[in-house]
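To start, the structure under review is shown below, and the notes come after it.
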Amino acid sequence: MRFTHDTEPALVAVVALVNSGRNAQDTLTDPAALADFLDEHGYTGRRDGTDAELRSVRALRDRVTHFWQIGRDDAASEVNAILRECGAVPFLTRHDSSDWHIHVTDSADPLADRIGAETAMALIDLIRADEFDRLTVCAAPDCDSVLIDMSRNRSRRFCAHRNCGNRANVAAYRRRRSQAAD
Ligand SMILES: [Zn+2]
Ligand SMILES: [Zn+2]
């Protein structure tokens, strides 16, 4: 699965954003945690560092979490709504080490609008390629983290964020060992 070069980092970022509020442990609870998230995912542009900004990003998080609960057609409508509300206007830009690519918001626009627009643009790639069902929830029984399976053969079942694939392997190994001991 090949997407435009901005798509994969935006999908990784939105998965991390959604997972910050999953598994009954909210990790996006103050402006410092938001700053860490932005640094980790290479967000540039305006940052207010205020509680109001945090609230708006948290509201966006609730909204984008919804994408894991709806189908492709509803997702298309929601992407359109987000782009409209964020005032998205596509333009070509070239900055830092990135050659010409599309931005749809200005770097001085509010953070939640920019994250929302970037998420919507990345989801456009999945929706129009009919790959929207790559959005899934972790298969571990004790985990409700989300993931977007970007593997070629759609083989990812577990989230990276809580290392559930490893935990499942260890549990299966222990099960085999205890069966062998019976
Ligand atoms: Zn850029
Ligand atoms: Zn998991």
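Some points to look at:
- Residue within segment 79-95 that is of a type in the set (S, T, Y) and modelled with pLDDT of 95 or more present: no
- A search for C-beta distances below 7 Å between a residue of segment 143-155 that is assigned to a loop (DSSP other than H, G, I, E, B) and open to solvent by 70 Å² or more (accessible area, probe 1.4 Å) and any residue that is more than 13 Å from ligand 2 (Cβ to nearest atom) and aliphatic (A, V, I, L, M), counting only pairs 6+ apart in sequence or on different chains, returns R152/M1.
- Count - residues of segment 106-125 that are within 13 Å of ligand 1 (Cβ to nearest atom) and under 20 Å from R55 (Cα atoms): 4
- Selected residue (criterion: surrounded by the fewest Cβ atoms within 10 Å (Cβ to Cβ)) from residues of segment 157-173 that are modelled with pLDDT under 85 and closer than 9 Å to A140 by Cα: R167
- Filter result for D142 (in contact with a strand residue (DSSP E or B) (Cβ under 8 Å, 6 or more places away or on another chain), within 15 Å of ligand 2 (Cβ to nearest atom), among the charged types (D, E, K, R) and at negative phi): no
One line per residue, one yes/no per condition, for (1) farther than 16 Å from L126 by Cβ; (2) in contact (Cβ under 8 Å) with a residue 60 or more places away in the chain:
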position	(1), (2)
V14	no, yes
A52	yes, no
A76	no, no
G87	yes, no
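The values are calculated or read from the model by the stated rules, or taken from the named source; none is laboratory data. Here the structure is a predicted model, which means the values were calculated and not measured. Using ideal geometry, Cβ is built from the backbone for each residue, glycine included, and neighbour counts are taken over all protein chains shown. Side chains included, ligands, DNA and RNA excluded: accessible areas come from the protein's heavy atoms. Shrake-Rupley method; radii C 1.70, N 1.55, O 1.52, S 1.80 Å.
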